[in-house]
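Novice: Take this structure first; my questions come after.
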Amino acid sequence: MRNTVYCVLCVVVTLMIGGLAARYVSDSWMLAFFESLQTHIGLASVAGALLALVIRRHWYAGVLLVASLLLVGHAVLMLREYAVAATPSSAQPSFRLLSFNIDNSNFENGARIADLILGSDADVVEIFEAAPLLSEMPRLSVTYPYRIGCGTMAKECDSVLLSRRPLLTPQISDLGVLWLNRFIMTTIDMNGQPVTFATAHLSKPYFDDFHQSELDDLIDILATVKQPLILAGDFNTAVIAPDMRSFLERSDLRHLFPEPSTWPIMAGSLGISIDHVFARAPLQLKSVKRIEDAMGSNHYGLLTEFTVAK
């Protein structure tokens, strides 16, 4: 019985390691689910290998433990590779951005989410799957009179940007060919400093190569931006994924480490960071905090404080 349990553990851990290691020999969308979970699966492999060693001290379990630790270590290095240190909270001026995928079917919480927005003191609000807010737009417009999406510049109500200040160069467009009007970009005068705000809602990475093509489109668009830039969105994958790593390298965007986990909500802090806030210097991120009440959504929202270096 002891040998049987040992063998089963070794087989399971070997399969987990093999699934993770496949990313180093093949760049395929079919691996996308495992790539975002490398840290989680790697830690599970470490636990499995340790348990196998407790049951039977054998060289193969030791090899599995070493391999698992290497995969976890590399995952942490990749999560940190394109991160920057947070700018001190005392840095001025200070602005606030609220970004949140609220779930298109979450109509029963539309009013609560509108209350959250109005009480957030955010300068700019970016909402994804925003249909539950459509009926709340009249009262949101009192505080946020400037809007893109949900009937303004586009009839679709997937992505919407709300602002207290005038939008200097508003635009909304597609990313890739799968979805309509899931990219918004505009320049806003923030106390005399033009700042470009961009929002992106990408497809799931295991839908063929659509995710990669959307990131390619995003890189081309953002390459034209000369002002300080902040990009927030639901990217449906972690920064550890190969296409996301390539995107950050080519776009010169950076994030804070560690990023708050935003999905799935039942995992809490043990979940995955698939909703991101990226910045390009001289814009500097001071903090990116998770909104702990998901309000019926399957994502947590993010509240970002940022400044622009003089």
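The values are calculated or read from the model by the stated rules, or taken from the named source; none is laboratory data. Only a predicted model underlies this, so the values are computations on that prediction, with no experimental measurement involved. Cβ coordinates were reconstructed from backbone atoms using ideal geometry, including for glycine residues, and neighbour counts include every protein chain displayed.
Novice: Hey, residue 122 hits all of (1) assigned to a loop (DSSP other than H, G, I, E, B); (2) buried (at least 17 other Cβ atoms within 10 Å of the Cβ); (3) without any contact (Cβ under 8 Å) to a residue 40 or more places away in the chain but one; which does it fall short on?
Specialist: So residue 122 meets the others, but not (3).
Novice: Whether any residue in the range 9-25 is touching a residue at least 40 places away in the same chain (Cβ under 8 Å), closer than 17 Å to residue 66 by Cβ and small (Gly, Ala, Ser) is what I want to check.
Specialist: yes
Novice: With respect to the numbered conditions (1) under 20 Å from the mean Cα position of the chain (by Cα); (2) among the acidic types (Asp, Glu); (3) part of a helix (DSSP H, G or I), which one is the sole condition not fulfilled by residue 174?
Specialist: It is condition (3) that residue 174 fails.
Novice: Separate question: Pick from the range 217-237 the residues that are buried (at least 16 other Cβ atoms within 10 Å of the Cβ) and among the charged types (D, E, K, R): which of them is nearest to the chain's Cα centre (by Cα)?
Specialist: 234
Quick grid of which residues meet (1) in the same structural domain as residue 49 (by TED's automatic domain parsing); (2) at pLDDT 95 or above; (3) assigned to a helix (DSSP H, G or I):
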residue: 93; (1), (2), (3): no, no, no
residue: 104; (1), (2), (3): no, no, no
residue: 111; (1), (2), (3): no, yes, yes
residue: 142; (1), (2), (3): no, yes, yes
residue: 147; (1), (2), (3): no, yes, no
residue: 154; (1), (2), (3): no, no, no
residue: 157; (1), (2), (3): no, no, no
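Novice: May I ask you to say which residue of 178, 222, 248, 253 is within 18 Å of residue 82 (Cα to Cα) and without any contact (Cβ under 8 Å) to a residue 60 or more places away in the chain?
Specialist: One residue alone meets the criteria, 222.
Novice: Can I ask one more? Only residues that are closer than 13 Å to residue 232 by Cα and either buried (at least 24 other Cβ atoms within 10 Å of the Cβ) or of a type in the set (A, V, I, L, M) (or both): list them for the range 290-310, please.
Specialist: Those that are closer than 13 Å to residue 232 by Cα and either buried (at least 24 other Cβ atoms within 10 Å of the Cβ) or of a type in the set (A, V, I, L, M) (or both): 301, 302, 303, 306.
Novice: Looking only at the range 162-175, which residues are in contact (Cβ under 8 Å) with a residue 24 or more places away in the chain, farther than 14 Å from residue 215 by Cα, crowded, with 20+ Cβ neighbours inside 10 Å and among the aliphatic types (A, V, I, L, M)?
Specialist: Across the range 162-175, the qualifying residues are 162, 172.
Novice: Also: Would you check if residue 228 is touching a strand residue (DSSP E or B) at 6+ places or on another chain (Cβ under 6 Å) and farther than 20 Å from residue 149 by Cα?
Specialist: yes
Novice: What's the number of the condition residue 85 fails, among (1) out of contact with any Lys or Arg (no Cβ under 8 Å at 6 or more places or on another chain); (2) at pLDDT below 95; (3) farther than 28 Å from residue 306 by Cα?
Specialist: Unmet condition: (3).
Novice: Being outside any strand (DSSP E or B) and modelled with pLDDT of 95 or more narrows it down to one residue among 249, 305; which is it?
Specialist: After applying the criteria, what remains is 249.
Novice: Only one of these is modelled with pLDDT of 95 or more, touching a helix residue (DSSP H, G or I) at 6+ places or on another chain (Cβ under 9 Å) and within 14 Å of residue 229 (Cβ to Cβ): 299, 276. Name it.
Specialist: Sole residue among the options that is modelled with pLDDT of 95 or more, touching a helix residue (DSSP H, G or I) at 6+ places or on another chain (Cβ under 9 Å) and within 14 Å of residue 229 (Cβ to Cβ): 276.
Novice: OK, next. Right, residue 34: free of Cβ contacts under 8 Å to residues at least 40 places away in the same chain, within 23 Å of residue 268 (Cβ to Cβ) and of a type in the set (A, V, I, L, M, F, W, C) or not?
Specialist: yes
Novice: Filter the range 249-289 down to residues that are surrounded by fewer than 19 Cβ atoms within 10 Å (Cβ to Cβ) and of a type in the set (A, V, I, L, M, F, W, C) and give me whichever is farthest from the chain's Cα centre (by Cα).
Specialist: 281
Novice: Further question: Those residues that are in contact (Cβ under 8 Å) with a residue 24 or more places away in the chain and among the aromatic types (Phe, Trp, Tyr), I need them from the range 51-109; list them, please.
Specialist: 60, 82, 95, 100, 107
Novice: Quick one: how many residues across the range 198-243 are assigned to a loop (DSSP other than H, G, I, E, B), among the aromatic types (Phe, Trp, Tyr) and at pLDDT below 90?
Specialist: Counting residues in the range 198-243 that are assigned to a loop (DSSP other than H, G, I, E, B), among the aromatic types (Phe, Trp, Tyr) and at pLDDT below 90 gives 2.
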